[in-house]
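Since the structure comes first, as structure tokens, the remarks are kept for the end.
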Amino acid sequence: MKVDVLTLFPEMFDGVFGTSILGKAQTKGLVSLNAVNFRNYATNKHNTVDDTPYGGGGGMVLKPDPIFAAVEDILDQREEATVPTMKAPRIILMCPQGETFTQQKAEELVQEDHLIFICGHYEGYDERIREFLVTDELSIGDYVLTGGELPAMVAIDSVVRLIPGVLGNETSAVTDSFSTGLLEYPHYTRPPEFRGMKVPDVLLSGHHLNIDAWRREQSLLRTLERRPDMLESAELTDKERIWLEELRLKKEKSE
């Protein structure tokens, strides 16, 4: 996978792209991560990338020409360096108005060959960037940040870790919270007893069927307690639905 990020602050990505899982993924040749300063594509002598909005109002708006030029340059370089069968890139605008980023979106994006993220600043983007350039608009939550860099890092990390071979344990991404439609079950490791707190006996039993059943039950319980909304779309057996409804009713009576 190839990932390009258009940003006014490419140095913000140095540590993120060069360390931990993302750094290892690049070392293995599984992903190419590149931060591009779109100020380099400004055409005026001051290299300005923003201007006052037509119609008045506060703040500054990112101009379309530097961002269009940066994306077009990336695409031109791609044509020279890659095979013709490579799919057209997804061009993703990070903004508060976008679709909320989810694990399901990460699983969708990891199927792509090339992702281009655009990180904004100031008051917003010229609307022509939204209408005629990008394919997706993404937000990581209902709050506003000073720029799109941190949200882009979140999305990129979430996508890249799903590329086969990136994680040391290939089952990790499959069993993560949200990947199964439920929150993940509790984890324990050595020692079996710590300050009087013991690991559940079932995890020490070596009985894998019982362990799987316990983990499923714990995932259901944790989801019921913390994110009951997720149960509406989760794949559950009839037995599990009845059990969860009994627990819910019992909880309501005790409150």
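The values are calculated or read from the model by the stated rules, or taken from the named source; none is laboratory data. A quick note: this is a predicted structure, and the numbers were derived from the prediction, not measured. Heads up, the Cβs are rebuilt from the backbone with ideal geometry, glycines too, and the neighbour counts pull from every protein chain shown. Side chains included, ligands, DNA and RNA excluded: accessible areas come from the protein's heavy atoms. Shrake-Rupley method; radii C 1.70, N 1.55, O 1.52, S 1.80 Å.
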Against the condition surrounded by 11 or more Cβ atoms within 10 Å (Cβ to Cβ) and part of a loop (DSSP other than H, G, I, E, B), how does GLY181 come out, does it pass?
yes
How many residues does the range 187-214 hold that are under 30 Å from LYS105 (Cα atoms) and either modelled with pLDDT under 95 or open to solvent by 80 Å² or more (accessible area, probe 1.4 Å) (or both)?
3
Give all pairs with beta carbons closer than 8 Å in which a residue from the range 47-76 that is under 15 Å from VAL134 (Cα atoms) meets a residue that is of a type in the set (Asp, Glu) and surrounded by 15 or more Cβ atoms within 10 Å (Cβ to Cβ); count only pairs at least 6 apart in sequence or on separate chains.
LEU62/ASP50; LEU62/ASP126; LYS63/ASP50; LYS63/ASP126; PRO64/ASP126; ILE74/ASP4
Consider ILE92 carefully, then state whether it is closer than 24 Å to PHE68 by Cα and open to solvent by less than 80 Å² (accessible area, probe 1.4 Å).
yes
Pick from the range 117-139 the residues that are in a loop (DSSP other than H, G, I, E, B) and open to solvent by 50 Å² or more (accessible area, probe 1.4 Å): which of them is modelled with the highest pLDDT?
THR135
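For (1) on the phi > 0 side of the Ramachandran plot; (2) touching a helix residue (DSSP H, G or I) at 6+ places or on another chain (Cβ under 9 Å), each residue gets a yes or a no:
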| site | (1), (2) |
| --- | --- |
| GLY59 | yes, no |
| ASP65 | no, yes |
| ALA69 | no, yes |
| ALA106 | no, yes |
| PHE117 | no, yes |
| ASP126 | no, yes |
| ARG130 | no, no |
| ILE156 | no, yes |
Given PHE9, PHE13, which one is out of contact with any Cys (no Cβ under 7 Å at 6 or more places or on another chain) and either within 14 Å of ILE116 (Cβ to Cβ) or open to solvent by less than 50 Å² (accessible area, probe 1.4 Å) (or both)?
PHE13
Flagged pairs (Cβ under 6 angstrom, 6 or more apart or on separate chains; first in the range 195-216, β-branched (Val, Ile, Thr); second open to solvent by 60 Å² or more (accessible area, probe 1.4 Å)) are VAL199/TYR188; VAL199/PRO192; VAL202/ASN210
